[in-house]
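A.B. asks: Following this message is one structure expressed as C-alpha cells.
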Amino acid sequence: MFDFNIVRKASSDYPKPADFHPSYGTAGFRSKATLLSSTVFRCGLLAASRAILLNSHTGLMITASHNPVDDNGVKMVDPNGGMMPQSFEAVATELANCEDDDAVVAVLRDRVFSPMSSGSPRSAAGGALTVLIGHDTRPSAPSLLAAALAGVRALAVHAHSYGCVTTPQLHFLVHSANQIPAAPLPQLQSYFDVIVGAFLELTKGGELEAAGAGSNSSLLVVDCANGVGAEQLGKLVPALESLGVEMQLRNTGRGGGQLNYQCGADFVQKDRLLPTEMNDVPVGSRCCSVDGDADRLVYFSPLKGGGISLLDGDKVAMLAAVYIRDVMELLPAELLHDIQVCCVQTAYANGAATAYLQNILRLPTVCTPTGVKYLHEAAHNADLGIYFESNGHGTVLFSKTFVERLKAMEDHPAAKELLLLSQLINQTVGDAISGILLIEFILRRKRWTLQDWQALYTDLPSRQLKLQVADRSSITTADAERVCITPAGIQDAITRVISGFTHGRAFVRPSGTEDAVRVYAEAEIQEQADELARLVARIVYDMAGGVGPRP
Ligand code: 16G
Ligand code: MG
C-alpha cells in the first residue's frame, strides 16, 4: 500500500518550473527537455496510479518523436497497449500544472483515485504491478527516465526500463505484459518473435524471392532519422535478406548526425526533400524514412535532378487496402458475412487518395480529426480498420470477431495469410518496423516496383504552410477539422477563395504539437496549390491576429 507522504516527499525533488504550463497535447506532453522533469515525474505517478486502479501493467514512453533534439516528451500507454483514454487527459494536464507538492497529492487523491475507486485505492497486488518504460535516443533521456522511475516508485509500483526502444515496441510490450496474469514481463525479443516470425512465415517458400528478381531492386535504403529506429531496424537485416532484400541503414546516429535534422519521415513528407547523407543513393532507388521514435513511415525514391517521388501514408494505406482486398476476395463468403471493412483518414488525406478509395476500391471511408488517437478509435469500430495519416502514422486493426473467424478457418490459405498479417502488423499502434516488413512483403507479392505502387493514383498537388497568431486557440474547427468555426466569418472567407481554384480544397487548424496554425491546400496544379495556401494563410493572419510578416 502506498503512502501519500512518500509521494509528497518524492515530488519535492521535482519542482515545476515557474511559468511552465504544460498541456497533454495530441500525443502527450512535449516541450524543451530542460523543463520536463516535474512533468515526467508526475506522469510516472499517473502511470502507476492507473496500474493500481486498473490492476494491470501500464507504460510510459519518453520521446518527442520528430521534434528537435533539445525537446523531449512523454506519452502514456494503457494496459491494452493503446494510448491513455482522452477522458484522462484533463487530469494529466491538471497534475502536470500543480504548483506545489501538496497540490500534486491533492490531485492524485481527489481527482485520480477517488472518482475511479470510490475512495479506497487497491493495493499494488503484492507489488507485482509494473510500469514499463522506454525512451528514445535524446541526450535528456537518462535524467527524465530517473524522474519517471521516481514517480512510479513513489506509489510503491514496480518500474521496468526497456532502455532505448521504439514507441511501438513499448506499446506492444505493455499489451503483451497484460495478456497472461502474473507471467514474467515480456522481453523485447518477443516483439521480434511475433512480428518477424509472421513475416518469415508469410514469405517462406522461395516463390516470393524469385518474384522480386528483375522487377524491383534488391536494395532498400532506410533513413533512420538518427533516432531509436536505427538499432532496432538493424535486427531486421537477416529476415529481409531471406526475401532477397538488402537493407542499408542511413542516418543511424552513429556518424554524429543530429536527431531529425534534415532527415526522418516528418522532414521527407513535409519538405519533399532527400534526407541528408543520401545524395549518393541512385535515382529510382527504393528508400524509406522513419521518424525519431519509429512510429511513422514514408517511402520515396530519389528523382533525376534532385527532389523525390514520395509515397506517403495515404499511399501506404492504399497499398495495404489493395492487397487486403485481393486476399479477402479469396475467402469463403460465409467468413466475410457481416464483416465491416473501413479506411480511416484525416483532412490531410490527398483528395486523389480519397477518390481512389471511394470510387475504385469502393471501401467505406471515415474522416477524423488529426491525431492517432482519433483514427485508432474509428478503425477499432470496424472488423478490419485501415488507418493512416498522410504523415505516415498508421496501422491496420483486426477485430477479435474477425480474428476468431480466421482462426476457425486456418486451413484456408487466404484465412491463414490474413491471420499472419494480423500478427505482422502491430495491433497497438502504427509501427515503422512492422510497416517496412508489410510493404516489402506486399511489393514482392504483387511483383510491384515503387513506380507501380506510385501509379495507383496521382496525388493532387498540395501545399502545407504554418503561421503564428496571437492565440491559436482562437481558431476552432468542426467536421473533422474541415470547417473553421471561429473567428466568426473565417470559413466564409476561405470558401470564397477556394471557389476560384479548379479542384481547390483547403482547411486550417491549430497545431496540437507546436504554437502554430497549419494551413493545407490542394489544387489542380502546384502553383495554384501554393497560391491557395498563401491566400488562406493571409485570411488567418488578418482575422486571427497574425504575428510576424504577412504571408
Ligand atoms: C502527433 C500525432 C500525429 C499527428 C501530429 C499532428 C500521435 C502519436 N502523433 O505527431 O498523429 O498527425 O501530431 O501534429 O498521435 P500537429 O497537430 O502539430 O499538426
Ligand atoms: Mg513519432
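The values are calculated or read from the model by the stated rules, or taken from the named source; none is laboratory data. Note that this is a predicted model, so its numbers are computed, not measured. As a convention, Cβ positions derive from the backbone with ideal geometry for all residues, glycine included, and neighbour counts pool all protein chains shown.
A.B. asks: Considering only residues that are in contact (Cβ under 8 Å) with a residue 40 or more places away in the chain and not aliphatic (A, V, I, L, M), look in segment 402-421 and name the one that is nearest to VAL194 (Cα to Cα).
C.D. replies: It comes out as GLU417.
A.B. asks: OK, next. Going by what's in this entry, would ALA379 be described as over 15 Å from the mean Cα position of the chain (by Cα) and either in a helix (DSSP H, G or I) or assigned by TED's automatic domain parsing to the domain that holds ALA27 (or both)?
C.D. replies: No, not satisfied.
A.B. asks: Let me ask you something else. Which numbered condition in (1) among the small types (Gly, Ala, Ser); (2) in contact with a Leu (Cβ under 8 Å, 6 or more places away or on another chain); (3) over 17 Å from ALA347 (Cα atoms) is the only one that ALA521 fails?
C.D. replies: The single condition ALA521 does not satisfy is (3).
A.B. asks: Could you please find all residues in segment 280-300 being more than 13 Å from ligand 1 (Cβ to nearest atom), among the charged types (D, E, K, R) and in contact (Cβ under 8 Å) with a residue 60 or more places away in the chain?
C.D. replies: Passing the criteria: only ARG286.
A.B. asks: In segment 179-194, is there at least one residue being small (Gly, Ala, Ser) and at pLDDT 95 or above?
C.D. replies: Yes: one or more hits.
A.B. asks: Is it the case that some residue within segment 505-512 is at pLDDT 95 or above and more than 22 Å from THR26 (Cα to Cα)?
C.D. replies: Yes.
A.B. asks: Which residue is farthest from ILE475 (Cα to Cα), if the candidates are limited to segment 487-509 and must be without any contact (Cβ under 8 Å) to a residue 24 or more places away in the chain and hydroxyl-bearing (Ser, Thr, Tyr)?
C.D. replies: The selected residue is SER499.
A.B. asks: Hey, VAL228 hits all of (1) over 17 Å from the mean Cα position of the chain (by Cα); (2) closer than 26 Å to SER190 by Cα; (3) of a type in the set (Val, Ile, Thr) but one; which does it fall short on?
C.D. replies: (1)
A.B. asks: Continuing with the same structure: Which residues, taken from segment 39-70, are surrounded by fewer than 24 Cβ atoms within 10 Å (Cβ to Cβ) and either small (Gly, Ala, Ser) or part of a helix (DSSP H, G or I) (or both)?
C.D. replies: Passing the criteria: LEU53, LEU54, SER56.
A.B. asks: Given the options ALA183, ALA147, ALA156, name the one that is at positive phi and of a type outside the set (Val, Ile, Thr).
C.D. replies: Answer to the check: ALA156.
A.B. asks: Then there's this: May I ask you to say which residue of ALA529, ALA516 is touching a Leu at 6+ places or on another chain (Cβ under 8 Å), buried (at least 19 other Cβ atoms within 10 Å of the Cβ) and either within 30 Å of PRO22 (Cα to Cα) or outside the structural domain of PHE300 (by TED's automatic domain parsing) (or both)?
C.D. replies: Every option except ALA529 fails the conditions.
A.B. asks: Looking at (1) crowded, with 18+ Cβ neighbours inside 10 Å; (2) within 13 Å of GLN464 (Cβ to Cβ); (3) within 16 Å of ligand 2 (Cβ to nearest atom), find the lone condition where PHE507 falls short.
C.D. replies: Every condition holds for PHE507 apart from (3).
A.B. asks: Pairs under 8 Å by beta carbon, first residue closer than 14 Å to VAL322 by Cα in segment 439-452, partner crowded, with 18+ Cβ neighbours inside 10 Å and among the aromatic types (Phe, Trp, Tyr), six or more apart or different chains?
C.D. replies: Taking only residues 6 or more apart or on different chains, the pairs are ILE439/TYR299; PHE441/PHE199; ILE442/TYR323; ILE442/TRP448; LEU443/TRP453; ARG445/TYR323; LYS446/TYR323.
A.B. asks: Within segment 468-496, work out how many residues are aliphatic (A, V, I, L, M) and either surrounded by fewer than 19 Cβ atoms within 10 Å (Cβ to Cβ) or under 24 Å from the mean Cα position of the chain (by Cα) (or both).
C.D. replies: Qualifying residue count, segment 468-496: 7.
A.B. asks: Suppose the filter is away from ligand 2 (no atom under 16 Å from the Cβ) and either within 23 Å of VAL228 (Cα to Cα) or at pLDDT below 95 (or both); does PHE4 pass it?
C.D. replies: Here the answer is yes, as PHE4 does meet what is asked.
A.B. asks: Looking at LEU243, LEU236, LEU249, can you tell me which residue is within 21 Å of LEU200 (Cβ to Cβ), at pLDDT below 90 and of a type outside the set (Ser, Thr, Tyr)?
C.D. replies: None of the other options fit; the residue is LEU243.
A.B. asks: List the helices (runs of 4 or more DSSP H) that sit entirely inside segment 209-296 and contain at least 2 residues that are within 24 Å of LEU443 (Cα to Cα) and away from ligand 2 (no atom under 16 Å from the Cβ).
C.D. replies: 237-241
A.B. asks: While we're here: If TYR348 meets every condition in (1) part of a helix (DSSP H, G or I); (2) within 16 Å of ligand 2 (Cβ to nearest atom); (3) at pLDDT 95 or above apart from one, which number is that one?
C.D. replies: (1)
A.B. asks: So, one more: So, in segment 6-21, how many residues would count as being in contact with an Asp or Glu (Cβ under 7 Å, 6 or more places away or on another chain) and surrounded by fewer than 20 Cβ atoms within 10 Å (Cβ to Cβ)?
C.D. replies: 2
A.B. asks: Hey, could you check segment 232-248 for residues that are surrounded by 19 or more Cβ atoms within 10 Å (Cβ to Cβ) and under 21 Å from the mean Cα position of the chain (by Cα) and say which is farthest from ASP293 (Cα to Cα)?
C.D. replies: This residue is LEU236.
A.B. asks: Now a separate question. Condition first: away from ligand 2 (no atom under 15 Å from the Cβ) and among the charged types (D, E, K, R). Now tell me which residues in segment 59-95 satisfy that.
C.D. replies: ASP70, ASP78, GLU89, GLU94
A.B. asks: Has segment 260-281 got any residue that is under 23 Å from the mean Cα position of the chain (by Cα), modelled with pLDDT of 95 or more and of a type in the set (Lys, Arg)?
C.D. replies: Within segment 260-281, none of the residues are under 23 Å from the mean Cα position of the chain (by Cα), modelled with pLDDT of 95 or more and of a type in the set (Lys, Arg).
A.B. asks: Any idea which of LEU303, LEU330, LEU311 is among the hydrophobic types (A, V, I, L, M, F, W, C) and surrounded by 15 or more Cβ atoms within 10 Å (Cβ to Cβ)?
C.D. replies: Answer to the check: LEU311.
A.B. asks: Shifting gears a bit: Taking segment 282-311, which residues are of a type in the set (D, E, K, R) and under 18 Å from the mean Cα position of the chain (by Cα)?
C.D. replies: Residues satisfying the conditions are ASP291, ASP293, ASP295, ARG296.
A.B. asks: Go through (1) surrounded by fewer than 18 Cβ atoms within 10 Å (Cβ to Cβ); (2) under 30 Å from PRO22 (Cα atoms) and name the single condition ALA455 misses.
C.D. replies: (2)
A.B. asks: Quick check: anything in segment 6-25 under 25 Å from the mean Cα position of the chain (by Cα) and of a type in the set (D, E, K, R)?
C.D. replies: No, every residue in segment 6-25 fails to be under 25 Å from the mean Cα position of the chain (by Cα) and of a type in the set (D, E, K, R).
A.B. asks: Another one. Considering (1) hydroxyl-bearing (Ser, Thr, Tyr); (2) within 27 Å of PRO139 (Cα to Cα); (3) loosely packed, with under 15 Cβ neighbours inside 10 Å, say which one TYR24 fails and leave the rest.
C.D. replies: Only one criterion in (1) hydroxyl-bearing (Ser, Thr, Tyr); (2) within 27 Å of PRO139 (Cα to Cα); (3) loosely packed, with under 15 Cβ neighbours inside 10 Å is unmet by TYR24, namely (3).
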